[in-house]
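Heads up: the structure comes next, in structure tokens.
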Amino acid sequence: SSDLHFLGTCHQPDFTKLSQKEPVRSQMQCLLESFRGTALAANRHNANTLFNYLLPVLSNCVPLVNVYQNCPEVVFLVLELFVDVVDSQIAYIEEVSLFS
């Protein structure tokens, strides 16, 4: 699945070096776009499941900002992913705390 592929790529021993090659950078951009779509699919029935699915991805995105500091397209996608997760999850966090 996308998350395992993403995590496997990020944890390669030579990822910092490989990350600058066009095919790897392109692949990371595509994966980040797909995670953004996943984040935006949250609803009251699946918000918790999607958050748990995306949490390891989000954790690994923090170092990507440094790895891709010279590639604003990737940094932008990382930041947009965090925005999308917050935007899509916030309503359900409030809903849970209101009714708990």
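The values are calculated or read from the model by the stated rules, or taken from the named source; none is laboratory data. Not measured: the values here are computed from a predicted model. Please note: Cβ atoms are built from the backbone with ideal geometry, for glycine as well, and neighbour counts cover all protein chains shown. Note: areas computed on protein heavy atoms with side chains; ligands, DNA, RNA excluded. Shrake-Rupley method; radii C 1.70, N 1.55, O 1.52, S 1.80 Å.
Figures for the structure shown
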| quantity | calculated |
| --- | --- |
| Per residue, in Å², the accessible surface of the range 9-61 once ligands and nucleic acids are set aside, probe 1.4 Å | 58 Å² |
| Computed Rg/Rh of the range 22-98, alpha carbon atoms with Kirkwood Rh | 1.03 |
| Sequence-separation-based contact order of the chain, relative, with Cα cut under 8 Å and 6+ spacing, percent | 36 percent |
| Charge dipole (debye, nearest 20) of the chain; +1 at Cβ of Lys and Arg, -1 at Cβ of Asp and Glu | 240 debye |
| Full-stretch length increase - His45, Cys30 - with 0.36 nm per residue and alpha-carbon distance subtracted | 2.8 nm |
| Karplus-derived HN-Hα couplings along the range 32-43 (A = 6.51, B = -1.76, C = 1.60, θ = phi - 60°), whole Hz, x at Gly and Pro | 4, 4, 5, 5, 4, x, 4, 4, 6, 7, 5, 9 |
| Distance (nanometres) between label positions extended 7 Å along Cα→Cβ at Asn60 and Val83 | 2.4 nm |
| ³J(HN,Hα) computed for each position of the range 48-54 - Karplus, 6.51 cos²θ - 1.76 cosθ + 1.60, integer Hz, glycine/proline x | 5, 4, 5, 4, 5, 5, 7 |
| Percent carbon-and-sulfur accessible area, the chain, ignoring ligands, DNA and RNA, probe 1.4 Å | 60 percent |
| Candidates Arg25, Arg36, Arg44, ranked by Gaussian network fluctuation over the chain, Cα under 10 Å, top entry | Arg44 |
| Leading residue at positive end of dipole, the chain (Cβ point charges), from Val74, Ala91, Thr9 | Thr9 |
